Every structure is written in C-alpha cells, then in structure tokens.
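Visitor: One structure follows; several queries about it will come next.
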Amino acid sequence: MTRNLQYVPYGYEPPIETHKGTMVYYDTFEQITARELELFAETGAALSFTKLVLYPLHEETVRRMWKQPVRSYYKRVDELGEWQREQALSAVVIESWEGKRKKYTPIEAAIRFLAEKYTTPLFLYMSPETANLCASYASFGEWIRNVRLLLSSEPQELHPKLAQYRNRWNTVEEATNRDSKVDKAEHEL
C-alpha cells in the first residue's frame, strides 16, 4: 500500500469550496433557443456549479421517450458546439456519451454514467415536460434519490410521483432566490 504524503506549512487550512457539483442539462435540444441555453449558463453561474454539462439525447432515446421524430444527433451537437464557441464558456461541456452508444439509453444508465464521470452532487436541469415524462417511469423512485431536479419553469401539470418527491426538485426561480437569500445572510454575519 503506497502512501500519498502531502506536506503543508504549519497553520495551513484548506480553502473553503465555494463551488459545488455538476448541473446537467438533460434534453433533446431540438427546439432549444440561445436564450434558454444562456439561462442555463446563468443559473449554473448563480448557483456556483463546478461544471455545466449539456447532455443531448440520441435519436433512439427520443423516439422511445416522446414517440416523435427528431433531427440527427450530430446536427444538434454541432449547434450546441457553435453556441459554446460563441459564448466562450469554459465551464460548459457537451457530453457525447449517448452519441457513442448510438442506441436507446435509459435515464438510469445516463445518471449512473454522469455520477461516475462528474463531481457530485448531481443536478439534472430539465423542462417540466421532460420531468413529468421521467416521473412516469417505474425506476423514478430509485434514481431520484441520487440526484436533484432543477426545472426550467413551474410545471402546469404535475405528475403524481413528481408531487410525491417535491423535496427533490426546485424551479430555477426558487433555487436562485434561495441561494441569494443565503448569500445575503452570510454577508450580514
């Protein structure tokens, strides 16, 4: 067994981590606007995430989930790459794992992969429609315990399982308001 010794000066205290985990935008990115992508990046910066990940779904996954056609995977990834280059955001990464698999990927497998690759805690940023759809899966109760959901807006209709796990998700507005209140309280002390 090898030892990894680290030498630090007397009185050294490790810096307090101000950034936390990873926020993953789980979506088809079929009809996404630049403004929605900017909102995602602004939310990630406001909530101090270490890494922001764009996770475009493969055509087979989209067909199984929504039962509707979608543009090819590489065209959607190219658009995201173009947006990323225009914005010059180093914290934003486009995850191409589903593109390499080239087949249907259940959300549990995607979450397992993301949790192994990126720093935790893991937050899934998604639209209310996608969240309702994911809540309808039988495995929802298993994987929602390992991640938190961050919804882009308040859902019009709420799936019963999404309502049951209300403590595991927030809307962007709730999350940014709560975080700003915490920051104000810290500055007052």
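Visitor: Scan region 1-38 residue by residue and report those that are among the small types (Gly, Ala, Ser) and either more than 30 Å from TYR104 (Cα to Cα) or without any contact (Cβ under 8 Å) to a residue 24 or more places away in the chain (or both). Walk me through how you get there before you give the answer.
Guide: Quick first cut of region 1-38, residues among the small types (Gly, Ala, Ser) only: 11, 21, 34.
Passing the criteria: only GLY11.
Visitor: Here are some conditions: (1) at positive phi; (2) in contact with a helix residue (DSSP H, G or I) (Cβ under 8 Å, 6 or more places away or on another chain). LYS67 meets all but one. Which one does it not meet?
Guide: Failed condition: (2).
Visitor: Please name all residue pairs, on different chains or six or more residues apart, with Cβ atoms under 8 Å, provided the first residue is in region 122-139 and is over 16 Å from LYS67 (Cα atoms) and the second residue is basic (Lys, Arg) and not in a helix (DSSP H, G or I).
Guide: Cβ pairs passing all conditions: LEU122/ARG148; PHE123/ARG148; LEU124/ARG148.
Visitor: Further question on the same structure: Any residue in region 100-119 that is surrounded by fewer than 16 Cβ atoms within 10 Å (Cβ to Cβ) sitting within a Cβ distance under 9 Å of a residue that is assigned to a loop (DSSP other than H, G, I, E, B) and aromatic (Phe, Trp, Tyr)? List the pairs, counting only those 6 or more apart or interchain.
Guide: PRO106/TYR137; GLU108/TYR137
Visitor: Restricting to region 11-32, name every residue that is outside any strand (DSSP E or B), touching a strand residue (DSSP E or B) at 6+ places or on another chain (Cβ under 9 Å) and hydroxyl-bearing (Ser, Thr, Tyr).
Guide: Of everything in region 11-32, just one residue is outside any strand (DSSP E or B), touching a strand residue (DSSP E or B) at 6+ places or on another chain (Cβ under 9 Å) and hydroxyl-bearing (Ser, Thr, Tyr), namely THR28.
Visitor: So for region 39-58 (the condition being loosely packed, with under 11 Cβ neighbours inside 10 Å and under 25 Å from ILE107 (Cα atoms)), does at least one residue qualify?
Guide: No - not one qualifying residue is present in region 39-58.
Visitor: Further question on the same structure: Test TYR73 against the criterion of being at pLDDT 90 or above, of a type in the set (Ser, Thr, Tyr), crowded, with 17+ Cβ neighbours inside 10 Å and within 27 Å of ALA46 (Cα to Cα), and give yes or no.
Guide: Against the criterion (at pLDDT 90 or above, of a type in the set (Ser, Thr, Tyr), crowded, with 17+ Cβ neighbours inside 10 Å and within 27 Å of ALA46 (Cα to Cα)), TYR73 does not qualify.
Visitor: To continue, here is another question. Do you know which of the residues in region 81-93 that are surrounded by fewer than 18 Cβ atoms within 10 Å (Cβ to Cβ) and within 15 Å of the chain's Cα centre (by Cα) is modelled with the highest pLDDT?
Guide: Going through the qualifying residues, I end up with VAL93.
Visitor: Got a number for residues in region 140-153 being within 18 Å of GLU38 (Cα to Cα) and over 15 Å from the mean Cα position of the chain (by Cα)?
Guide: To start, the set of residues in region 140-153 that are within 18 Å of GLU38 (Cα to Cα) comprises 150-153.
The next check asks that each one be over 15 Å from the mean Cα position of the chain (by Cα); those that pass are none.
Number satisfying all stated conditions: 0.
Visitor: Where residues in region 111-140 are in contact with a helix residue (DSSP H, G or I) (Cβ under 7 Å, 6 or more places away or on another chain) and of a type in the set (Gly, Ala, Ser), which of them is farthest from THR176 (Cα to Cα)?
Guide: Selected residue: SER139.
Visitor: Specify the residue that is surrounded by the fewest Cβ atoms within 10 Å (Cβ to Cβ); the eligible residues are those in region 1-38 that are β-branched (Val, Ile, Thr) and either within 18 Å of GLU129 (Cα to Cα) or in contact with a Leu (Cβ under 7 Å, 6 or more places away or on another chain) (or both).
Guide: My answer is THR33.
Visitor: Sticking with this one: Picking from GLU82, GLU95, GLU154, which residue would you name as being farther than 14 Å from TYR26 by Cα, of a type in the set (Asp, Glu) and either without any contact (Cβ under 8 Å) to a residue 24 or more places away in the chain or in contact with a Leu (Cβ under 8 Å, 6 or more places away or on another chain) (or both)?
Guide: GLU82
Visitor: How many residues does region 132-189 hold that are among the aliphatic types (A, V, I, L, M), in a loop (DSSP other than H, G, I, E, B) and at pLDDT 90 or above?
Guide: Final tally of qualifying residues: 3.
The values are calculated or read from the model by the stated rules, or taken from the named source; none is laboratory data. All of these numbers come straight from a predicted model, not from anything done at the bench. Because the Cβ atoms are built from the backbone with ideal geometry, glycine has one as well, and the counts that use them run over all protein chains shown.
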